[in-house]
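The values are calculated or read from the model by the stated rules, or taken from the named source; none is laboratory data. Here the structure is a predicted model, which is why all the values come from computation and not from measurement. Methodologically, a virtual Cβ is constructed for each residue, glycine included, from the backbone with ideal geometry; neighbour enumeration extends over all protein chains shown. What goes into the accessible areas is simple: the full protein's heavy atoms, side chains included, and nothing from ligands, DNA or RNA. Shrake-Rupley method; radii C 1.70, N 1.55, O 1.52, S 1.80 Å.
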Amino acid sequence: MDFTTYLKHYPDKDGKFGKYGGAILPPELIPAFEEINEAYQTICKSSQFINELRRIRREFQGRPTPVYHCERLSGKIGSCQIYLKREDLNHTGAHKLNHCMGEGLLAKYMGKKKLIAETGAGQHGVALATAAAFFGLECEIHMGEVDIAKQAPNVKRMEILGAKVVPVTRGLKTLKEAVDSAFEAYAADYKNSIYCIGSVVGPHPFPLMVRDFQMVVGVEAREQFLEMTGFLPDVVCACVGGGSNSAGMFTPFLADPVEIVGVEPLGRGPKLGDHAASLTYGSEGAMHGFNSIMLKDEKGEPAPVYSIASGLDYPSVGPEHAFLHDVGRVKYEAVTDEETMEAFFKLSRYEGIIPAIESAHAVAFAMKKAREMGTGSILVNLSGRGDKDLEYVIEHYGNGNRFFEDEER
């Protein structure tokens, strides 16, 4: 497959990546999504829109974010060098603002008055509330009760920014249910609102739009790494839940001779209900308006999932990831909660960088891969910072000293 022309062909005009993607919608919502698609296709090639988005990224978001060499962490492991794309330094503390500002600008162009979205870890909710405040729009964020309890600091941020946070009490009270609730709210008010999906999931054109807005991460990282080292990394990796940060990181490297790895949450282990590793253990299925690979229960419905990271506990994955998995261009691996928390504490203690638990999954894989490789370089998308996770981590893991016991002997 020729990846030099990949962006011209995927997705196709129907929003399909091979057999994945598309727009599976109730009849009353088809015109609404067609309106969004037409508006996006109009402005995505507009120099006025592009230049305004670039100005926002530069003056408001603080882009470009840097690439950082983890010299101490790398030295503790061996000779293979680990680098981070520091999306934790993007305004609001994660990659999410990259597409939220784009979606907010699109909403203004379309004359919408309200932004509606779901959130898991809260970073998408904070980013969208920030975009709403910036553009002078109303904002409504749907969030599962379990995640509200785990991510209290982000809930407070959303409310301070003026968003209405809607607790979701059905089912497992996490990300899937929050998507269901937000979708219903949008269906009831789509003439005045726009549903700003928080990942590369959902009906077309959202997997396309979110990927395009997030590609700034990979474009910057590729240029920065070449400038820093004179060569491309041997491995590029990022965590995968729905898959927005990874899609943005991976796409600019698809035509390069580099290994690309998406890192899924294995959680407590491979038993159904103990993880959210959709590509590792799932099969083809449709939910939330698109066809992809998903984890299913015995009835073929979306299965209960679990992850220590609220932003990764989703039973499916973006259709582009399913496609890249099938064609073999991107590998998908899974790491456990225990491996993730070891990486969380070691990056914090050796580099002074406290990562989001979501991002710590990718760091955990990079640490394992560095030991296997012995030499070379790995570029990790550090998709967010861990401020939101501190209360949860301290309650369940304390100061993390047990992860350093072997070194103290």
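Would you mind working out the magnitude of the charge dipole of the stretch 103-147 relative to its Cα centre, with +1 at each Lys and Arg C-beta and -1 at each Asp and Glu C-beta, to the nearest 20 Debye? Don't skip to the answer; put the middle values down first.
On the way: 4 positive and 6 negative charges, 71 e Å.
Its charge dipole is roughly 340 debye.
Please compare each pair in Lys156/Lys331; Lys16/Lys173; Lys156/Lys191 to a cut-off of 32 Å on the Cα-Cα distance and tell me which ones are over it.
From Lys156/Lys331; Lys16/Lys173; Lys156/Lys191, over 32 Å: Lys156/Lys331.
Would you look at the GNM of the chain, springs on alpha carbons closer than 10 Å, and say which of Ser47, Ser359, Ser79 moves the most?
Looking only at Ser47, Ser359, Ser79, the largest GNM fluctuation is found for Ser47.
Helix-only mean residue ellipticity at 222 nm, the chain, DSSP H runs n ≥ 4 weighted -39,500 (n - 2.57), per residue, nearest 500. What is it?
Per the formula, -13000 deg cm²/dmol.
With springs only between Cα atoms under 10 Å, which of Ile194, Ile308, Ile36 fluctuates most in a Gaussian network model of the chain?
Ranking Ile194, Ile308, Ile36 by mean-square fluctuation puts Ile36 first.
Determine how many Å³ per residue the convex hull of the Cα atoms of the stretch 323-409 encloses.
Details: hull volume 10.7 nm³, N = 87.
Dividing the Cα hull volume of the stretch 323-409 by its residues yields 123 Å³.
Amide H of Ala23 versus every other amide H placed in the peptide plane: which residues, excluding those fewer than 5 positions away on the same chain, fall under 5 Å?
Those qualifying (amide H under 5 Å, at least 5 residues apart or on another chain) are His204.
State the antiparallel share, in %, of DSSP beta bridges confined to the chain, rounding to the nearest 5.
Values: 15 of 49 bridges.
About 30 percent, rounded to the nearest 5.
What FRET efficiency, computed as 1/(1 + (r/R0)^6) with R0 = 51 Å and r the Cβ-Cβ distance, is obtained for Glu35 and Glu71, rounded to the nearest 0.05?
That pair, Glu35 with Glu71, gives E of 0.55.
Which whole-number value in Å² is the accessible area per residue of the stretch 68-116, probe 1.4 Å?
Result: 32 Å² of accessible area for each residue.
Which value in nm describes the separation of the simple spin-label points at Ser47 and Glu301, placed 7 Å from the Cα toward the beta carbon?
5.4
To the nearest 20 debye, what is the magnitude of the charge dipole of the stretch 108-175 about its Cα centre, counting +1 on the Cβ of each Lys and Arg and -1 on the Cβ of each Asp and Glu?
Working: 10 positive and 6 negative charges, 28 e Å.
The calculated dipole for the stretch 108-175 is roughly 140 debye.
Leaving out ligands and nucleic acids, note down the accessible area per residue over the stretch 263-335 with a 1.4 angstrom probe, in whole Å².
Accessible area per residue: 34 Å².
What is the Cα centroid distance between the stretch 242-317 and the stretch 326-394, reported in whole angstrom?
For the stretch 242-317 versus the stretch 326-394, the Cα centre distance is 16 Å.
Answer with one residue from Met367, Phe345, Ser383: the one whose Cα lies farthest towards the positive end of the charge dipole of the stretch 278-401, charges on Cβ with Lys, Arg +1 and Asp, Glu -1.
Farthest towards the positive end: Met367.
Only bridges whose two residues both fall in the stretch 248-357 count here: according to DSSP, what percent of them are antiparallel, nearest 5?
Around 55 percent antiparallel, to the nearest 5.
Rank Cys44, Cys70 by accessible area, highest first, at a 1.4 Å probe radius?
Numbers: Cys44 25, Cys70 0 Å².
So the residues, ranked largest to smallest area, are Cys44, Cys70.
For the chain, which whole-number percentage of the solvent-accessible area (1.4 Å probe, protein heavy atoms only) is attributable to carbon and sulfur atoms?
Reported share for carbon and sulfur atoms: 50 percent.
Looking at the stretch 1-153 only, what percent of DSSP beta bridges run antiparallel? Nearest 5 please. Please report the intermediate quantities before stating the final value.
Values: 5 of 11 bridges.
Just about 45 percent of them are antiparallel.
Let me know the charge dipole size of the chain about its Cα centre in debye, to the nearest 20, where only the beta-carbon of Lys, Arg (+1) and Asp, Glu (-1) is charged.
Working: 44 positive and 55 negative charges, 163 e Å.
In debye, rounded to 20, the chain gives about 780.
Among (1) 20.2, 72; (2) 22.6, 75; (3) 19.7, 65, find the value of Rg and Dmax of the Cα atoms in Å that was calculated from the structure presented, and write down its label.
So the calculated entry is the one marked (3).
Could you report the accessible area of Arg402 in Å², rounded to 10, computed with a 1.4 Å probe on the protein chains as they sit in the structure?
110
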